[in-house]
Every structure is written in structure tokens, then in C-alpha cells.
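Working notes for the structure below.
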Amino acid sequence: MSRGYFITFEGGEGTGKSTQCQLLAESLRLKGKEVVVTREPGGTDGAELIRALLVSGDINRWSGVTEALLLNAARVDHWDKVISPALNRGAWVICDRFADSTIAYQGYGRGLNINFLWELHNSVLPGIHPDLTLVFDLDPEIGITRALARRTSEVRFEKMDLDFHRRMRNGYLEIAKNNPQRCRIIDARQGIEEIHSDIKRLLEVTP
Ligand code: TMP
């Protein structure tokens, strides 16, 4: 049995990536693939509990370092119990956010040292990276308006100031530039169907 394929969807708030995760999963299933759709922070019972701590409450509830440690704790549980077993049995894993989110949000956004964050990642999940990362790029002013119109809970990060979101967006573009083999940028200003077609086209050539 060959190893599966690990795709992550990344980007700021309200970029439409969660919808696209579901659409891609449906089209891969139609081709007969086993697909696991999951998300971070979360994806296991324990990691969902950690998620609840991170995404709700006051903006200043946690420092950037505490967030990074909680996120990595959740990620290891998620990797060990869901992602790794699925890849080992040959499934496709579509994950809504992964380690790049920590680099973009806690690193570029919150100002933690990027090397420290990669060292932390490589200490707890050595050499573990997605096969493909789709970075959804959108002006954060549009994205945050969309995200806040959609939900009123789990908005701790959405409430952070616009400069935080601008730094985070630039961080994602930087990550994509530094990892050209793994990352592709998706123009999230497009409509749902156009983005879905772009992604399917990418996958015809990427795997
Ligand atoms: P979601 O809104 O995409 O479900 O993600 C939950 C929030 O958690 C989102 O605002 C981004 C934030 N987050 C981080 O700050 N760092 C991370 O590493 C991850 C995975 C998410």
C-alpha cells in the first residue's frame, strides 16, 4: 500500500478555504479515493478541547508563546491519531490549516521568532510537512468582514487588529515564496466554482 497524499489549506480569515476543502474532498471521492477531511486546531477529541481554549475569550487571554505551545500540543495529537494513520493506509488527507498557520499567525502576526517556531515544529514533528499547501490569499479587510458576518463565536483571532492580519497575510506570501515546491497561491477573490476548478487543475499536475 503506497503512502497517501497530504494537502493543507492555509490563509487568513474568511478566505473560503473550508468550503474548498469540502468541494475537493467530494471530487476526489467521486474518483474513488479515500479522503479524510480534518482541521486545526482540532481533529481529535483532545485537540478540539485545546481549540476551544484558543479560539474563544479575550484577545489577551494567551501570550503568543502559550498559543504556540498549545497549538503544537494539539498538532502532535492530531498527527499521531488521525493524519499519520490515514496517510499510512493510503488515504488522501485534506487538512484545514497546519504548521504554516502557526508560522503566519504566531510568527508573523504575533511577532514570535520564526526560527524558534520551525525548531519547535521540527522537535515535536521532525521532518513532517504536507505534500502540497494551498495558500488562499485575500485582502484581510474583505476576509474579516466575511468571517465576522458568518459567525459570532470562535472569533478571538478575527478580533485582532488589522495590522496583525496584514502581517499574517504577508507572512503567508513569504512562506509560499520560501517553499515553492510545496506551496501554491490561490487568488481567493474569485468565485467558489473558479477556485474549485483552479484547485482541480493544480492537482492534475501536482501529485
Ligand atoms: P479557523 O478559523 O480556520 O477554524 O481557525 C481557528 C483560528 O485559529 C484561526 O483564527 C487561526 C488560528 N490559528 C492560529 O493562530 N495558529 C495556528 O497554528 C492554527 C492552526 C490556527
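The values are calculated or read from the model by the stated rules, or taken from the named source; none is laboratory data. Computed from a predicted model, the values in this text were never measured in an experiment. Glycine also receives a Cβ, built like all others from the backbone with ideal geometry; neighbour counts cover every protein chain displayed.
Before moving on, here are some points about what is shown:
- Total residues in the range 1-16, condition more than 13 Å from the ligand (Cβ to nearest atom) and of a type in the set (Gly, Ala, Ser): 2
- Of all residues in the range 43-80, those that are loosely packed, with under 13 Cβ neighbours inside 10 Å, outside any helix (DSSP H, G or I) and more than 11 Å from the ligand (Cβ to nearest atom) total 3.
- For the range 17-42, a residue qualifies if it is under 20 Å from THR133 (Cβ atoms), more than 10 Å from the ligand (Cβ to nearest atom) and charged (D, E, K, R), and exactly one does: LYS33.
- Taken together, the criteria place PRO85 among residues that are more than 16 Å from the ligand (Cβ to nearest atom) and modelled with pLDDT of 95 or more.
- Any hit, the range 94-102, residues being more than 9 Å from the ligand (Cβ to nearest atom) and either assigned to a helix (DSSP H, G or I) or among the aliphatic types (A, V, I, L, M) (or both): yes
- For the range 125-139, the tally of residues that are more than 19 Å from CYS183 (Cβ to Cβ) and surrounded by 14 or more Cβ atoms within 10 Å (Cβ to Cβ) stands at 1.
- Residues of the range 140-164 that are in contact (Cβ under 8 Å) with a residue 24 or more places away in the chain, part of a loop (DSSP other than H, G, I, E, B) and more than 15 Å from TYR105 (Cα to Cα): SER153, GLU154.
- Residues that are buried (at least 19 other Cβ atoms within 10 Å of the Cβ) and either of a type in the set (A, V, I, L, M, F, W, C) or without any contact (Cβ under 8 Å) to a residue 40 or more places away in the chain (or both) within the range 6-22 comprise PHE6, ILE7, PHE9, CYS21, listed in sequence order.
- Against the numbered list (1) more than 11 Å from the ligand (Cβ to nearest atom); (2) over 22 Å from ILE50 (Cβ atoms); (3) touching a strand residue (DSSP E or B) at 6+ places or on another chain (Cβ under 9 Å); (4) not acidic (Asp, Glu), PRO130 comes up short only at (2).
- Taking first residues from the range 186-197 that are part of a loop (DSSP other than H, G, I, E, B) and partners that are aliphatic (A, V, I, L, M) and surrounded by 19 or more Cβ atoms within 10 Å (Cβ to Cβ), the Cβ contacts under 8 Å between residues at least 6 apart in sequence or on separate chains come to ALA188/LEU138; ALA188/ILE195; ARG189/LEU138.
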